[in-house]
Amino acid sequence: MTLRLTNTAKTYPDGTKALLPTELSVGKGEIVSLLGPSGCGKTTLLRIIAGLETPDAGSDIWFDDDNVTALSVERRQVGMVFQSYALFPNMSVRKNIGYGLKMQKLPKSEIDARVTEVLNMCQLQPFANRAITALSGGQRQRVALARAIAPRPRLLLLDEPLSALDASLRETLRDELAVLLREFNITAIFVTHDQDEAMAIADRVAVMSHGRVVQSGTPEDLYRNPTSSFVAGFVGNAMTLSGKIDGKTLHLEGGQLTLPKKGDGHTIFVRGEDVQIVETGPLQGTVETVTFLGTHYRIGISGITSYVIASIHSGHQAPKVGEKINVAISPEALMLLPKEVATA
Ligand code: ATP
């Protein structure tokens, strides 16, 4: 199904404007991630879509052609997966997954068939008869997903579903989840404050800040064409290059760079992978730190700006701490963003 929100806002009784009037459309089978820092309104938006929170007057929520704004959570037919699993600990995996179907009073044969189907899809067949307490965190989260999917919801909502897991499991499950959600071919909204997670799972990411969706686009689009300083910094950790801008020239402590266009009134951003350590280049700096990260090194460089900037260096050898180096940044790698849009 498609989801559409028009003029949807939320003011809590104490006056907190958690969500400013928002427009959001999610296509059939599309996976959209709501990404933003703590307190930006992601959970509020998700709870409004689920029907767990009443939005301000004038808000409208559409599931296909149905206006569901006044519909209760039970009648919206959404599946939900939370960080805290919310499973029944003493029931078996099979019983947990079948719970929603039993509530819908489906015939036992139908329940069994559907539970078996999602058990297979989520690769939980070997654990079907285990109690939840006898599963690992990752397995529990797969059960929570299977349980949400089994009633064939119109829409699946996931709120930080991987947050409780340790880092390596989180990464594995993230990639599994990306595949599974596409297999289910279900329209889904995924809330996270982790940009890697959003980029790995979603077809489209809606970046939120202070109760607003500030930019929405494919992961590549957000990374390459951020429209605000906030998005540039939040998605892919772009760094600012503060210096004096004079037309197409940026004067830095360590040298000069050419901008792709006149930069007056803008903040200049660059990403670590575009800060190149070269034999001869327009900028001079000193190596402060060298961190080996397996696929690349992260080199902290002082002297280019008044603070240390990072270069992502993928060569087999790295310069040494204290070494004087030359640095180049191509004009196309410099992102010029309007100063006034900075919100964080
Ligand atoms: P997090 O990642 O920390 O969960 P979030 O982006 O999901 O954050 P929300 O939980 O939607 O943010 O909260 C948005 C804002 O609304 C915050 O400033 C929060 O303090 C406020 N808020 C949330 N619930 C209530 C409430 N019941 N009453 C008043 N203010 C609230």
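The values are calculated or read from the model by the stated rules, or taken from the named source; none is laboratory data. From a predicted model like this one, the values you see are computed outputs, not experimental measurements. All Cβ positions, glycine included, derive from the backbone under ideal geometry; neighbour counts span all protein chains shown. Accessible surface areas use protein heavy atoms only, side chains included; no ligands, DNA or RNA. Shrake-Rupley method; radii C 1.70, N 1.55, O 1.52, S 1.80 Å.
Quantify, in whole percent, the carbon and sulfur part of the accessible surface of the chain (1.4 Å probe; protein heavy atoms only).
Working: 8320 of 16290 Å².
C and S fraction of accessible area: 51 percent.
If I take every Cα pair under 8 Å that is 6 or more residues apart in the chain, average their sequence separation and divide by the length, what percent do I get for the relative contact order? Intermediate values should be presented prior to the final figure.
Working: 714 pairs, mean separation 55.6, N = 344.
Computed value for the chain: 16 percent relative contact order.
Can you give the FRET efficiency for ASN129 and ARG182, using 1/(1 + (r/R0)^6), R0 = 41 Å, r = Cβ-Cβ distance, to the nearest 0.05? Don't skip to the end; give the middle numbers.
Working: r = 29 Å, r/R0 = 0.70.
For R0 = 41 Å, the calculated efficiency reads 0.90.
Each label point is 7 Å from the Cα along the Cα-to-Cβ direction; what then is the distance between the points at ASN225 and GLU30, in nm?
Inter-label distance under the simple model: 1.6 nm.
Tell me, what HN-Hα J-couplings in whole Hz come from the Karplus equation 6.51 cos²θ - 1.76 cosθ + 1.60 at θ = phi - 60° for each residue of the range 52-67, using x for Gly and Pro?
So the J values, rounded to whole Hz, are 8, 9, 8, x, 5, 4, x, 7, 9, 10, 10, 10, 6, 9, 8, 7.
What number, in percent, do you get for the relative contact order of the range 235-275 if the mean sequence gap of Cα pairs under 8 Å and at least 6 apart is divided by its residue count?
On the way: 56 pairs, mean separation 17.9, N = 41.
Result for the range 235-275 is 44 percent.
Quick one: 3J(HN,Hα) in Hz for the range 278-287, Karplus 6.51/-1.76/1.60 with θ = phi - 60°, rounded, Gly and Pro as x.
10, 5, 10, x, x, 10, 10, x, 10, 6
With +1 on the Cβ of every Lys and Arg and -1 on the Cβ of every Asp and Glu, and nothing else charged, how large is the dipole of the range 36-124 about its Cα centre, in debye rounded to the nearest 20? Provide the component values of the computation, followed by the final result.
Numbers: 10 positive and 10 negative charges, 114 e Å.
Charge dipole of the range 36-124: 540 debye, to the nearest 20.
Can you work out D for the chain in µm² s⁻¹ from Stokes-Einstein, where Rh is the Kirkwood radius over C-alpha pairs, the temperature is 25 °C and the viscosity is 0.890 mPa s? Intermediate results must be reported in sequence, preceding the final value.
Numbers: Rh = 22.6 Å.
For these conditions, the coefficient is 109 µm²/s.
Between ASP14 and ASP196, what is the FRET efficiency for a Förster distance of 25 Å, r being their Cβ-Cβ separation, to the nearest 0.05? Kindly include the intermediate steps, with their values, before the conclusion.
On the way: r = 34 Å, r/R0 = 1.36.
Efficiency computed from Cβ-Cβ geometry: 0.15.
If the chain between THR172 and SER242 were fully stretched, how many nm would it gain, using 0.36 nm times the residue separation less the Cα-Cα distance?
Values: separation 70, 0.36 × 70 = 25.20 nm, distance 3.80 nm.
Result: 21.4 nm gained on full extension.
What does the C-alpha gyration tensor say about the overall shape of the range 131-258? Classify as rounded when a/c is under 1.5, otherwise prolate if a/b is larger than b/c, or oblate.
Values: a/c = 3.46, a/b = 2.36, b/c = 1.47.
The shape class here is prolate.
If R0 is 25 Å, what FRET efficiency do you get for THR249 and SER314 from their C-beta distance, rounded to 0.05? Before the final figure, lay out each step's value.
Details: r = 29 Å, r/R0 = 1.16.
Given R0 = 25 Å and the Cβ-Cβ separation, E is 0.30.
Net charge near ASP246, counting Lys/Arg +1 and Asp/Glu -1 over other residues with Cβ under 14 Å of its Cβ? It would help to have the intermediate numbers written out before the result.
Values: positive: LYS244, LYS248, LYS261, LYS262; negative: ASP264.
Local charge sum for ASP246: +3.
Say each of THR6 and THR291 gets a label point 7 Å from the Cα, pointing the same way as Cα to Cβ; how far apart are those two points in nm?
4.7 nm
Assign unit charges at the C-beta atoms only (+1 for Lys and Arg, -1 for Asp and Glu), then state the dipole size of the chain relative to its Cα centre in Debye, rounded to the nearest 20.
900 debye
If we sort 56-67, 297-308, 226-237, 172-183 on the protection proxy, mean other Cβ atoms within 10 Å, highest first, what's the order? Please report the intermediate quantities before stating the final value.
Working: 56-67: 13.9, 297-308: 18.1, 226-237: 21.0, 172-183: 16.2.
Going by the mean number of other Cβ atoms within 10 Å, highest first, we get 226-237, 297-308, 172-183, 56-67.
Residues of the range 57-95 with amide nitrogen under 18 Å from the 7 Å Cα-to-Cβ point of SER136?
Only 85, 93 pass the distance filter.
Suppose all protein chains stay in the model; what accessible area per residue would a 1.4 Å probe give for the range 239-342, in Å²? Don't skip to the end; give the middle numbers.
Working: 5530 Å² over 104 residues.
Accessible surface, normalised per residue, equals 53 Å².
Taking amide H positions as placed in the peptide plane 1.01 Å from N, state which residues far from ASP246 in sequence (5 or more) or on other chains have amide H under 5 Å from it.
HN-HN under 5 Å from ASP246: HIS251.
At 7 Å along the Cα-to-beta-carbon direction for both ARG298 and LYS262, put a label point, then send me their distance in nm to one decimal.
Taking the simple label geometry, ARG298 and LYS262 are separated by 3.8 nm.
Going down the list LYS244/LYS339; LYS28/LYS108; LYS28/LYS102, which pairs span over 21 Å between their C-alpha atoms?
The pairs that break the limit, which is 21 Å between Cα atoms, are LYS28/LYS108; LYS28/LYS102.
I want the local charge near LEU19. Using Cβ-Cβ distances under 11 Å, sum +1 for each Lys or Arg and -1 for each Asp or Glu among the other residues. Walk me through the numbers before you get to the answer.
Values: positive: LYS10, LYS17, LYS42, ARG47, ARG212; negative: GLU53, ASP56.
So the surrounding residues net to +3.
Taking the alpha-carbon centroid of each part, what is the distance from the range 12-81 to the range 273-344 in angstrom?
41 Å
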